1. Name the residues in the range 131-160 that are loosely packed, with under 12 Cβ neighbours inside 10 Å and of a type in the set (Ser, Thr, Tyr), would you?
2. From the list ALA22, ALA36, exactly one residue is closer than 30 Å to GLY201 by Cβ and in contact with a Ser or Thr (Cβ under 6 Å, 6 or more places away or on another chain). Which is it?
3. In the range 125-171, how many are within 30 Å of LEU191 (Cβ to Cβ) and among the hydroxyl-bearing types (Ser, Thr, Tyr)?
4. Would you tally the residues in the range 64-95 being touching a strand residue (DSSP E or B) at 6+ places or on another chain (Cβ under 8 Å) and either over 30 Å from PHE153 (Cβ atoms) or acidic (Asp, Glu) (or both)?
5. Go through (1) over 30 Å from ASP209 (Cβ atoms); (2) in contact with a Lys or Arg (Cβ under 7 Å, 6 or more places away or on another chain) and name the single condition ALA36 misses.
6. If I filter the range 225-233 for residues that are surrounded by 11 or more Cβ atoms within 10 Å (Cβ to Cβ), outside any helix (DSSP H, G or I) and at pLDDT below 70, do I get at least one hit?
7. Please go through (1) at pLDDT 80 or above; (2) part of a loop (DSSP other than H, G, I, E, B) for ASP178 and return the number of the only condition it doesn't satisfy.
8. Please determine whether any residue of the range 46-66 is within 17 Å of the chain's Cα centre (by Cα) and not small (Gly, Ala, Ser).
Amino acid sequence: MDYGLVWNHTEFGGIKVVRIPADKVWRPDIILYNNADSQYNNAILSTNVIISSDGNLTWLSSAIFRSSCKINVAWFPFDEQNCSMKFASWSYDGFRVNVIIQTKEGDLSNYVENGEWDLITMLVERNEVYYSCCQEPYPDVTFHIVLRRRPLFYVFNLILPCMLITGIALLSFYMPSDSGEKVTLGITTLLSMTVFLMVIGESMPPTSDTVPLIVPPSMEVSTLKLAYRMKRLPAGVVQKFKREMPAYESSRHLTTVQNYEIRSKIALVLLQNGTLV
């Protein structure tokens, strides 16, 4: 309420409400404390202020705010983010400019759904902060917004291809070591997984707090293939693998070795008899 803008409507032709530009009246310096937009002054649309004859002023304006938010990508793309937006006066204390809330839940009547995020809740909280320098309270209104990512796009375009490539990479270990296709398959899957890791990195904000759960399996398979190409496995690892390998795998490997020895003996006999061309 502005007592300097009070008038008797009976003396002015019964006019009870007037609308004037917002820059013609005093407005409190309510700003977004965790603002992340360099063009903050242009974010708020300058609409008219509604002034009543009893001194009440109503300013209904729309704005596009950009705020900083700490992102947790540990469960990407099945993650939820909790972001806060703090509004308060920059230079006035609570005795001069007081901010209040009418409800503890945000008004979602005009909410427009987003294709990437679902809005779970939006709670409103009023706080009063006391600083060591001053005795006056400094109130603020904070909006707590909980967002949940829609994972359908990432499941079909990221997770399923990664699982398929990882399965192909693991199956390459069952191919014979002297097979040229094994080397080609290993290099191809390694390059494919590298590309998908780059796509994952571009889909998320850069942060060093957590690593998405989708990244370690891909890195482990890539590291395993590199280690398999570079040097022999330790003897202890080989013995453990032989002990834990199923019996049918051992018999299949033994049959392959026996068939190879038989073919070698047949070729040697034919060569000695001069019948092998």
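The values are calculated or read from the model by the stated rules, or taken from the named source; none is laboratory data. These figures come from a predicted structure and were not determined experimentally. All Cβ positions, even for glycine, are placed from backbone atoms using ideal geometry, and neighbour counts span all protein chains on display.
1. TYR131, SER132
2. On the way: ALA22 fails: closer than 30 Å to GLY201 by Cβ.
Going through ALA22, ALA36 in turn, just one is closer than 30 Å to GLY201 by Cβ and in contact with a Ser or Thr (Cβ under 6 Å, 6 or more places away or on another chain): ALA36.
3. Going through the range 125-171, the residues within 30 Å of LEU191 (Cβ to Cβ) turn out to be 149-171.
Subset that is among the hydroxyl-bearing types (Ser, Thr, Tyr): 154, 166.
Residues flagged as within 30 Å of LEU191 (Cβ to Cβ) and among the hydroxyl-bearing types (Ser, Thr, Tyr) within the range 125-171 amount to 2.
4. 9
5. It is condition (1) that ALA36 fails.
6. Checked against the condition, which is being surrounded by 11 or more Cβ atoms within 10 Å (Cβ to Cβ), outside any helix (DSSP H, G or I) and at pLDDT below 70, the range 225-233 yields at least one hit.
7. Just one mismatch for ASP178, condition (1).
8. So the first thing to find is which residues in the range 46-66 are within 17 Å of the chain's Cα centre (by Cα), and the list is 66.
Narrowing the set further to residues that are not small (Gly, Ala, Ser) leaves 66.
Yes, that holds for at least one residue.
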